[in-house]
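Notes for the one structure printed next.
No lab work stands behind these numbers, since they all come straight from the coordinates. Computed from a predicted model, the values in this text were never measured in an experiment. Because the Cβ atoms are built from the backbone with ideal geometry, glycine has one as well, and the counts that use them run over all protein chains shown.
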Amino acid sequence: MSERKYWVGFSLVKGIGPVRVRQLLECFGTLGEAWRAAPDDLSAAGLDRRALNSLIETRQRVDLDAELARLDKLGIAVLTWEDEDYPRLLANLRSIDHAPPVLYLRGSLAETDEWSLAVVGTRRATPYGRQVTHQLAGELAANGLTIVSGLARGLDAEAHQAALAAGGRTIAVLPCGLDTIYPPEHRRLAADIMQSGAVMTMFPLGTKPVAPNISARNRLISGLARGVLVTEAGEKSGALITARHALEQGREVFAVPGNITTSGSIGTNQLIQDGAHPVLSVQDVLDVLNLERVAAYADARENLPAVNDDERAVLASLGAEPLHIDELVQRCGLAVHAANSALVMLELKGMVRQVGPMTYVRA
C-alpha cells in the first residue's frame, strides 16, 4: 500500500506518462524512490524541465495519504502495472506505450473479462443503429464476451444496456476522474454497470472530461478488448478513432454495413472498404476471434482436455522469447486458423501467454 500511493502521485503529474514512468522505474527501481529523488537526479533520469517542475509542484501540493483515503472513501480501486489484477490484454501493450501505468475503477474485474469486445458507435444514433447495436452487443454478452464501451450518449450506452439486459458483463471507460460520471445523465447506467462489471478510467480524481482526454479514453477502450466493433458511425465519428487505435494495437476491427445513402453509415462502410471485417451476425465476430461460447470455456476451465496434436505443435514451437504468430505458423506448420484456435485453448489452459500484439510465449 505504501508504494501504491506513489503510483497515484505520478498519475497526478502532468507530462509524465507511460514512457517516463518506465524511465523512472529503470533508473530508481521504484516510484517511491523517484518521488523522493532530488531534482538533479530526476533530470538525469530523463525528465525535461516542464515535467520536472510539474513533479516538484505536485509533491509540494498533494498529500498522498489523504489522496488514498479519498479514493477509499469513494470506493475506487487502484490498479498499477505491478498488480496481478491489472488487465492482461492491456498489460501486453506496455511495449508500445498504450498501457496506462495506473487505472482507477469502481466495480470489479473478472478473469473472463480477458474475453472482451469493444462495441462503439455514433452519438447521433439512428433507429437502425440502435437496433443492430442492441442485438449484437446483447448476443455477444450472452455468448460470454465482456462488452467494453465509453458510456457516451448514443450507441455506447446502447451497448452497455444490451449487455446488462442479456445478463452479461460490461466495462465503461470514462474520459475523466471517477468523481465525475460523464455524461451526467448516465449516472444510473454507471451504477448498474458497477454491479455487473466496472467503470474505469486512467485519469485521477478531479480530471474533467475535456476533449484531449477522449482520444486517450478511446485508446484504452480498444486496449482492453480483443477487437473493436463499430456498429454505426459517420465520416468523422469518434468511434473511427477507436478503430484506428485498435489497428495500432494489433486488434481486430469489425464494422456493420449500412445504407450507402445514409450519412451515419459512411464511417462503417469505409472501414469495411479499408479491410475491416463486415458483421452481419454475432457468428462473424466469433469466427474471426475463434471464440465459441466463452462462458462455457471459462466454466469448464478446470476440466479442459489434454493438449491435442495442434496444441502440442504450437507448444513445441514456443519458448521464453516472444514469437509473432506469423513466425509461429511457419515453425509449427499449421494453417493460421488452426494455430489461432490452438493458441486460444492453450491460453485458457494457462500454458501460453500473449505478451504483445499477436505475440506469444510459453507460460
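Between ASN53 and ASP97, what FRET efficiency follows from the Cβ-Cβ distance if R0 is 22 Å, with the result rounded to 0.05? If you can, show how the numbers build up before the last one.
Details: r = 23 Å, r/R0 = 1.03.
It comes to 0.45.
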For the chain, whose charge dipole is built from +1 on Lys and Arg Cβ atoms and -1 on Asp and Glu Cβ atoms, the candidate among ALA37, MET345, LEU291 with its Cα farthest towards the positive end is ALA37
For the stretch 174-331, the dipole about the Cα centre with charges only on Cβ (Lys and Arg +1, Asp and Glu -1), to the nearest 20 debye, works out at 680 debye
Here the FRET efficiency for GLU84 versus VAL361, based on Cβ atoms and R0 = 22 Å and rounded to 0.05, is 0.80
Mean-square fluctuation maximum in Gaussian network of the chain, Cα pairs under 10 Å, restricted to ALA166, ALA225, ALA45, hits ALA45
Dividing the mean separation of Cα pairs under 8 Å (6+ apart) by the residue count of the stretch 24-127 yields a relative contact order in percent of 17 percent
If one builds a Gaussian network model of the chain from Cα atoms under 10 Å apart, the most fluctuating residue listed among ASN143, ASN53, ASN92 is ASN53
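In debye to the nearest 20, how big a dipole does the stretch 96-176 give about its Cα centre with +1 on each Lys and Arg Cβ and -1 on each Asp and Glu Cβ?
The calculated dipole for the stretch 96-176 is roughly 420 debye.
Diagonalise the Cα gyration tensor of the chain and give the resulting equivalent ellipsoid semi-axes, square root of 5 times each eigenvalue, largest first, whole Å.
33, 27, 19
About its Cα centre, what dipole magnitude does the chain give when the only charges are +1 on Lys and Arg Cβ and -1 on Asp and Glu Cβ, stated in debye to the nearest 20?
My answer is approximately 1060 debye.
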Once Lys and Arg are counted +1 and Asp and Glu -1 for all other residues with Cβ under 13 Å from that of TYR182, the total becomes +2
With label points set 7 Å from each Cα along the Cα-to-Cβ direction at THR262 and VAL210, the distance between them in nm comes to 3.7 nm
quick shape note, the stretch 55-164: Cα extents on principal axes in Å, largest first -> 53, 29, 27
Listed residues TYR128, TYR104, TYR182; largest mean-square fluctuation, Gaussian network over the chain with Cα springs below 10 Å, found at TYR128
Once normalised by the length of the chain, the mean sequence separation of its alpha carbon contacts under 8 Å that are 6 or more apart gives a contact order in percent of 13 percent
Rounded to the nearest Å, the spacing of the alpha-carbon centers of the stretch 270-288 and the stretch 36-69 is 46 Å
Charge dipole of the stretch 82-130 built from unit charges on the beta carbon (Lys, Arg +1; Asp, Glu -1), centred at mean Cα; most positive-end Cα among LEU89, LEU103, THR126 is THR126
GluC sites (Glu not before Pro) in the stretch 193-294 lying in a DSSP loop, each with at most 16 other Cβ atoms within 10 Å of its Cβ, come to GLU235, GLU292
Surrounding charge for GLU57, neighbours by C-beta under 12 angstrom, Lys/Arg +1, Asp/Glu -1, total +4
Of the stretch 154-189, those with amide N under 17 Å from the point 7 Å along the Cα→Cβ vector of GLN195 are 160-172, 186-189
